[in-house]
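First up is the structure itself, then whatever we jot down about it.
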Amino acid sequence: MLRQNKNFFDFFAWVMFKLSLDAAYFFVADRFADYIFFSETNFNLIKYCESWMMLFLIFSLMPRKKIVSSAIVWLLLAVSYVPMLTLYGFLDKPRIYIWAVTLFWLLVFFLLAIMPRPKLKFLFPRQSVLVCGFIFAAMSFLGMSLLFLGIKFSINFNLVEVYRVREAFAAAKIFLGGYLFNWLAYVANSFFAVWAVKNKKWWLLLSVILSQSIIFFATGNKIFLFSLFLVLGLYFIARRKNVIFLMFGGFSLVVFLGIAVYYVMGSEWVYFLFTRRFMMVPAQLSYLYYDFFSANPFLFLSEHGVVKSLFHYSYDMSPGHLIAKTYFNRPETNAVNGIYADGFMNFGFLGMALWGCVLSFLLIIADALSRGKSFCFCFALMAMPAVVFTESGLLTVMLTHGFLFALLLLYLAPVETEGYSGNGLLRGSPKNE
């Protein structure tokens, strides 16, 4: 009976999230005639009904077990798949592509269900804390030193000006800046923010917030400003039993809040920063990548330096700038996109299947590395590196945006199950927090 009630509430939150995105598009998105073409509504009733059928299909088959891989899947479905369903009906998007994305997730579900999780041995908790602390201190010292020596920046909360800040940061060409600050902001700061809250080390939390703020002011990357709020919110959600209900219900509330603030206060910032930038824009770009590369040569990874010697790169600019120039007439914009588009632009539909296999393998590794450790802590650590899968290519996320680095910190995270070894649980039971 309790399980039936839980499934009902999970399903209710899942449906409400889709409805909230539909409402956000209908009442807000198509009011703005901006370059992303949301105002060009071309509603298709059949495809709208079809989107609900796909929504029910994915909900019925998605993993339910409360482990890190499942939670990452839920998060990625929320920020990438469901927004694509909304645009599919309202903008009459290609049927073959959204079904390919649906099959991508069905493949991931299947592989996560059948692939075994290897058992690993970990450091002792005290060793883990010392190693992680050293990594955090060294990265923070190096990052702050490079920023203060290599670039002049000022405190600026005007989010309209962030693009000038980004240009200044790019022009500074800071050594390792493309890796170090992403690793700090997405991974290391997330790790220690959650660890500080979990262990009530408020001085450490303030240090992390200061570090994150400096990185935002220097780089102008808006997601750095809000990522800690998302990570800590997901941490508290993951501590509860009904994670799916709270996650999708929470996202629904934020989307509805954006609509309410727009109509009551006349401000579109809540909608722009969360619903539009975080969900709708990546969904639209994914469809545009399909539209372009279904009629033009695939890349076969030729834009990556390691592969350039094997395959000729067919274009005169990077994929992100190419899409921005073709569809928005803004060649200066880097319209990068996520794992679906990345797989398709490199190898077509086969690439999407290959990328689904790679994602499944990475999630299996995450499960293995989180064995005997706090579920909510491990999920919060992996949340931001996983979210970037909706906005960047697979190899870029793994290296530049720190997904592999997050797996390293996940391995180093302290074991919390008494008597746990790499060969199994010797005594005690795993903690949930």
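The values are calculated or read from the model by the stated rules, or taken from the named source; none is laboratory data. This one's a predicted model, so the numbers in the text were calculated from it and none came from an experiment. Quick reminder, even Gly has a Cβ in these numbers, built from the backbone with ideal geometry, and neighbours come from all protein chains shown. Just so you know, the surface numbers come from the protein's heavy atoms only, side chains and all, with ligands and any DNA or RNA stripped out. Shrake-Rupley method; radii C 1.70, N 1.55, O 1.52, S 1.80 Å.
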Pairing a residue in region 360-374 that is open to solvent by less than 20 Å² (accessible area, probe 1.4 Å) with any residue that is polar (S, T, N, Q), where Cβ atoms lie under 7 Å and the two sit 6 or more apart in sequence or on different chains, gives L363/S69; I364/S69; A366/S69; D367/S69; G372/T417
So F389 clears everything in (1) out of contact with any helix residue (DSSP H, G or I) (no Cβ under 7 Å at 6 or more places or on another chain); (2) touching a residue at least 12 places away in the same chain (Cβ under 8 Å) except one condition, right? Which one? (1)
Taking into account only those residues within region 330-339 that are open to solvent by 10 Å² or more (accessible area, probe 1.4 Å) and out of contact with any Leu (no Cβ under 7 Å at 6 or more places or on another chain), which is nearest to L285 (Cα to Cα)? V336
Kindly establish whether S318 is more than 20 Å from M84 (Cβ to Cβ), surrounded by fewer than 18 Cβ atoms within 10 Å (Cβ to Cβ) and not hydrophobic (A, V, I, L, M, F, W, C). yes
I need a count of the residues in region 338-383 that are closer than 30 Å to M317 by Cα and in contact with an Asp or Glu (Cβ under 7 Å, 6 or more places away or on another chain). 2
When every residue in region 269-306 that is in contact (Cβ under 8 Å) with a residue 40 or more places away in the chain and of a type in the set (V, I, T) is compared, the one surrounded by the fewest Cβ atoms within 10 Å (Cβ to Cβ) is V281
Unmet requirement for E40, which otherwise passes all of (1) part of a loop (DSSP other than H, G, I, E, B); (2) within 24 Å of the chain's Cα centre (by Cα): (2)
Pick from G249, G178: which is in a helix (DSSP H, G or I), farther than 19 Å from G402 by Cα and not aromatic (F, W, Y)? G249
What's the total number of residues in region 215-249 that are farther than 30 Å from K6 by Cα and of a type in the set (G, A, S)? 2
Considering every residue within region 260-268, establish whether at least one is closer than 28 Å to F12 by Cβ, touching a residue at least 40 places away in the same chain (Cβ under 8 Å) and part of a helix (DSSP H, G or I). yes
